[in-house]
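I have placed the structure first, in the form of structure tokens, so that the comments after it can refer back to it.
The values are calculated or read from the model by the stated rules, or taken from the named source; none is laboratory data. The structure presented is a predicted model; accordingly, all values stated were derived computationally and were not measured. Cβ placement follows ideal geometry from the backbone for every residue including glycine, while neighbour counts extend to all protein chains displayed.
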Amino acid sequence: MAKSGDVLHMPELGVRVEIRRSAAETGGELVEFDVIGRARGFLTQSHVHARQTERFEPLSGALRLVSDDTDRVLHPGEVAEVPPGTAHRQLSGDDGAVRVTVRPAATTEAFLERLAALSRDGRLTRGGYPTPVAAAELIRDFGADGGAARPPAPVQRALAAGILGGARAGRALRARVQDASDEYVFVDEWDVTAPPEAVFDALADARTYPEWWTPVYIDVEADGPPALGKVSHQHFKGRLPYHLHTTSTLTRLEAPRVVEGDVEGDLRGRGTWTLTPTATGTHVRFDWRVFADRPLLRTLTPLLRPLFRWNHAWAIARAMDGLERYARAASSPETRSERLPADTVRSPAER
């Protein structure tokens, strides 16, 4: 909260506010501040304080104070008070300074700080009015203590609620559109002349990927053999000149039919391998639905989506070549008798 000596700048409103006595210093009894400059925009509009008395004391220049039943010009040495519930507006004829005291303090300091924040954030127009959403937020957050004299407060609250609801809906729609623009959905299917058990073992244990899915997978690290909840870390690339790093968590493991994992990192989403026995081996279906989380990928997605799809197709072609050779070799009687336990499988860098 503001304290004595703080200066709040609001150039779009034509003034700066210097805090003289804060609510904290007066136990909430009052807040006192100087308004320096020539107010414009919504600061000059008729408004009302529901529960507060406002006292005006010009320090330099002149202040015109217009209320329901008076219209007077104040000069230095003169003072005027406006009681709660009285609509009023204040107009300065030149650059001057006016000391304002509000009793009780209530949310006055927070309101002034909000105006300064709106100025910093570019949410005040050059004419000195809040943007529609900013105005609606002011009504929502400070309307209980006061607001514009017209239209009636219930109408203001209803309008503010409508504006804020529309803004939320717009943000949600933009987020969905952004997600959709960054989303990749791939479905690849092919047949492998190897039994489902061997294909399942290769797909479930990501540590084997650098052995058969070359040169796509460079390195995979995992703590032990595949199991639900197990995490592995992948480093891979396609034909395009960038490397990707992801972390996968096994979320579904149904031997020998389904392997599914959630992915985070440079890509975010889910991959599902579905295996179906055929007369000659196994039908493989890979559903890959991910979003590009790396900033560069998000930026390039709308322009280069066809190129990224080509890159995926190239990587899948390498999987088609390597998976069948690996699964067939792993399922042969000789290889099965010689295979090391799963937890001893090592990456090419370790061999």
* **Which listed residue, of 6, 94, is closer than 20 Å to residue 115 by Cβ, among the acidic types (Asp, Glu) and modelled with pLDDT under 95** => 6
* To do: Tell me, yes or no, whether the range 77-85 has at least one residue that is within 28 Å of residue 123 (Cβ to Cβ), touching a residue at least 40 places away in the same chain (Cβ under 8 Å) and either touching a helix residue (DSSP H, G or I) at 6+ places or on another chain (Cβ under 9 Å) or crowded, with 19+ Cβ neighbours inside 10 Å (or both).
  => no
* Subset of the range 1-17 [on the phi < 0 side of the Ramachandran plot and either outside any loop (DSSP other than H, G, I, E, B) or buried (at least 17 other Cβ atoms within 10 Å of the Cβ) (or both)] -> 2, 6, 7, 8, 9, 10, 11, 12, 13, 15, 16, 17
* Flag for residue 134 being surrounded by 15 or more Cβ atoms within 10 Å (Cβ to Cβ), not in a loop (DSSP other than H, G, I, E, B) and not assigned by TED's automatic domain parsing to the domain that holds residue 28 -> yes
* Hey, which of the strands (runs of 3 or more DSSP E) in the range 216-325, taking only ones fully inside, have at least 2 residues that are modelled with pLDDT under 95, of a type in the set (Phe, Trp, Tyr) and touching a Phe, Trp or Tyr at 6+ places or on another chain (Cβ under 9 Å)? -> 282-292
* **Enumeration of residues in the range 18-54 that are within 21 Å of residue 139 (Cα to Cα) and either assigned to a strand (DSSP E or B) or touching a Ser or Thr at 6+ places or on another chain (Cβ under 6 Å) (or both)** => 31, 39, 47, 48, 49, 53, 54
* **Filter pass, residue 203 being outside any loop (DSSP other than H, G, I, E, B), at pLDDT 95 or above and either at positive phi or surrounded by 17 or more Cβ atoms within 10 Å (Cβ to Cβ) (or both)** => yes
